[in-house]
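The values are calculated or read from the model by the stated rules, or taken from the named source; none is laboratory data. All figures in this text were calculated on a predicted structure; none of them were measured in a lab. As a convention, Cβ positions derive from the backbone with ideal geometry for all residues, glycine included, and neighbour counts pool all protein chains shown.
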Amino acid sequence: MSIVAPTQFSFKIPAWFTIEPQSVATFDRSYIILAVAMYMIGLVMVASSSMPVAERLFDNPFHFVIRHMIYICLSLLIAGATLQIPMAKWHQHSGNLLLLGMGLLVVVLLVGRTVNGSTRWIVVGPITVQAAEPAKLFFFCYLAAYLVRRRDEVLENVKGFIKPLVVFGALASLLLFQPDLGTVIVMFVTTFGLLFLAGAKLWQFISIAAVGLSAIAALAYFSPYRWARVTSFLDPWKDPFGSGYQLTQSLMAYGRGEITGQGLGNSIQKLEYLPEAHTDFVMAVLAEEFGFIGITIVLLLSMTLVFKALMLGRKAVQKEKYFEGFFAFAIGIWFSFQAAVNIGASAGIVPTKGLTMPLISYGGSSMIIMTIALVVLIRIDHEMRLQTIQATASHKKKGGRK
């Protein structure tokens, strides 16, 4: 008598979605899919949110849309070139990249363009570069390389732990002269998270957290315009036509969006009621036009990208590719925190910080640097896949000889 086993149903995750290479593919296509999806959402939302202000300023409603398309095309061209750079070159030149980032921050203070009281842009002909964006990426590259060289020193004594914080302090000082506290906070949180993942001791984190939070609180309290942002964030309706104006308009956009939104193009707040609707507050317009569902889709895309970056970093560290692993960790933390601050500021969860939504908001420097960071993840994944394929081929060749 034979016993027939019951049929078992199993769900197989699509190969393109997983971190593990399921085939001989030499790169993870899901990064491309996520990037294209976020590019397209950003292009549609910049088009929708920027037309009223573009019509008034330039007598051309498509001014910002055309420039955003140029930024995307330029980002893709630079991405193609960056993809050819081996990770060993990033590691080798991490110190030079850090010096380049610091140099850009010095140059912007000397000859930069001032907009709304902040000096953050270097103008070279038709090209405008926001110096803080490449400085972030280059600092994270340097930090990953430092943790590879000095990991034992970081884990064992205070001196190794303090050194990267001194470099961070120098960059933070240059950024605060612009002033750009938002970028400083992003770099601080990413540095904090990366040191934690590298295995630094708990007391060191408590110390750096206490010092960092105290410094940020002091910078906010003793700066009138920053303190006005904090107080208006706590109660924006107290002064809805003054310090709380931008946030109250953003909250109205979220409120009008409800679950499904008012429909593409039907936002009222973008009709120049909400300042910076196509840059820092593009997510408020998206919430008004596509509602909770639209915001959820963007959050899922961002969360998937961050999750894949962190899992890629974990896999690289497990394979003892520490520089690649720490760099991937830094990019994942950076993406997640900046997205959280951008959406949180527009929703009234955190004070306004002027940070863009990665791969979605209008802004050439941010778009290009975020794309380069994404390409770095693709390159890390590509090199690890090639290593696996070569190891498998070598193993099969040895087996054949036997």
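Quick look at the numbers
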| read-out | value |
| --- | --- |
| From L105, L98, residue being in contact with a Phe, Trp or Tyr (Cβ under 7 Å, 6 or more places away or on another chain) and within 18 Å of L176 (Cα to Cα) | L98 |
| Set Y254, Y273: member being in a helix (DSSP H, G or I), within 27 Å of P61 (Cα to Cα) and either modelled with pLDDT of 90 or more or not acidic (D, E) (or both) | Y254 |
| Residues that are part of a loop (DSSP other than H, G, I, E, B) and crowded, with 21+ Cβ neighbours inside 10 Å, drawn from segment 352-389 | T352, L355, T356, M357, P358, L359, I360, S361, Y362, G363 |
| Helices (runs of 4 or more DSSP H) (entirely within segment 121-179) containing at least 2 residues that are basic (K, R) | 132-149, 158-176 |
| Selection status of S232, outside any helix (DSSP H, G or I) and surrounded by 12 or more Cβ atoms within 10 Å (Cβ to Cβ) | no |
| Filter result for the condition that a residue is surrounded by fewer than 16 Cβ atoms within 10 Å (Cβ to Cβ) and in contact (Cβ under 8 Å) with a residue 12 or more places away in the chain, over L299, L274, L312 | L299 |
| Criterion (without any contact (Cβ under 8 Å) to a residue 60 or more places away in the chain and not hydroxyl-bearing (S, T, Y)) met by exactly one of L147, L104 | L104 |
| Residue match in segment 215-225 (condition: of a type in the set (V, I, T) and loosely packed, with under 15 Cβ neighbours inside 10 Å) | no |
| Every pair of residues 6+ apart whose Cβ atoms lie under 6 Å, when the first sits in segment 329-343 and is in contact (Cβ under 8 Å) with a residue 12 or more places away in the chain while the second is of a type in the set (K, R) and surrounded by fewer than 24 Cβ atoms within 10 Å (Cβ to Cβ) | V341/K353 |
| Evaluation of P52 against (1) under 25 Å from V298 (Cα atoms); (2) modelled with pLDDT of 90 or more (one fails), failing number | (2) |
| Number of positions in segment 52-100 that are within 22 Å of T356 (Cβ to Cβ), assigned to a helix (DSSP H, G or I), free of Cβ contacts under 8 Å to residues at least 40 places away in the same chain and over 22 Å from the mean Cα position of the chain (by Cα) | 5 |
| Residue check, E288 under 29 Å from R67 (Cα atoms), of a type outside the set (F, W, Y), touching a Gly at 6+ places or on another chain (Cβ under 9 Å) and at pLDDT 90 or above | yes |
| Close pairs (8 angstrom Cβ cut-off, 6 or more residues apart or separate chains): in contact (Cβ under 8 Å) with a residue 12 or more places away in the chain and among the basic types (K, R) in segment 363-382, surrounded by fewer than 24 Cβ atoms within 10 Å (Cβ to Cβ) and in a helix (DSSP H, G or I) anywhere | R379/T82; R379/M87 |
| Residue ID - farthest from the chain's Cα centre (by Cα), chosen from residues in segment 315-336 that are part of a helix (DSSP H, G or I) and surrounded by fewer than 20 Cβ atoms within 10 Å (Cβ to Cβ) | Q318 |
| Number of the exception - Q262 against (1) in a loop (DSSP other than H, G, I, E, B); (2) at pLDDT below 90 | (2) |
